[in-house]
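J.: Please find one structure pasted underneath; my questions will follow.
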Amino acid sequence: MKQVEERYISLLTDFGFDRLFEEAEIAKFTPQEMREYETSKMAYRDIKNSVDTAKREGIAEGMEKGMKKGMNQKALDIARNMLADGVDINLIMKYSGLTQEQIEKLK
């Protein structure tokens, strides 16, 4: 019998009846409780939206920094290879976008 009861409760929760029971509880709120509930929901949504926005902005900023760092590293690698092949520093500057100082540090 207990297994049947547990299975029944499991089915109810699987089909979203938890949400229905929650809605039924909310429907019993007094007007004051309903105002407090709605205020709480709005505050939660505001905070969640702020966090979600900050997360998206943080990811975008991190991606941008990572791309710049990767591109700079690739330019340094190419310049290092060009130096090893004896290419003139002016050509390396022209094609890598690196400064003379950055290239001198690679030597």
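J.: Of the numbered conditions (1) open to solvent by less than 90 Å² (accessible area, probe 1.4 Å); (2) assigned to a helix (DSSP H, G or I); (3) modelled with pLDDT under 95, ARG35 fails exactly one; give the number of that condition.
T.: Just one mismatch for ARG35, condition (1).
J.: Among the residues of region 1-32 satisfying the criterion of being at pLDDT 65 or above and of a type in the set (Ser, Thr, Tyr), which is surrounded by the fewest Cβ atoms within 10 Å (Cβ to Cβ)?
T.: THR30
J.: Another question, then. Does MET82 count as open to solvent by 100 Å² or more (accessible area, probe 1.4 Å), part of a helix (DSSP H, G or I) and either within 30 Å of ILE103 (Cα to Cα) or without any contact (Cβ under 8 Å) to a residue 24 or more places away in the chain (or both)?
T.: No, not satisfied.
J.: A further question on this structure: For LYS105, are the conditions met, namely being charged (D, E, K, R), at pLDDT below 95 and part of a helix (DSSP H, G or I)?
T.: Judged against the criteria, LYS105 is a match.
The values are calculated or read from the model by the stated rules, or taken from the named source; none is laboratory data. Keep in mind it's a predicted model, so treat the numbers as computed, not measured. Backbone-built Cβ (ideal geometry, glycine too); neighbour counts: all protein chains shown. Keep in mind that these areas ignore ligands, DNA and RNA; they rest on the heavy atoms of the full protein, side chains included. Shrake-Rupley method; radii C 1.70, N 1.55, O 1.52, S 1.80 Å.
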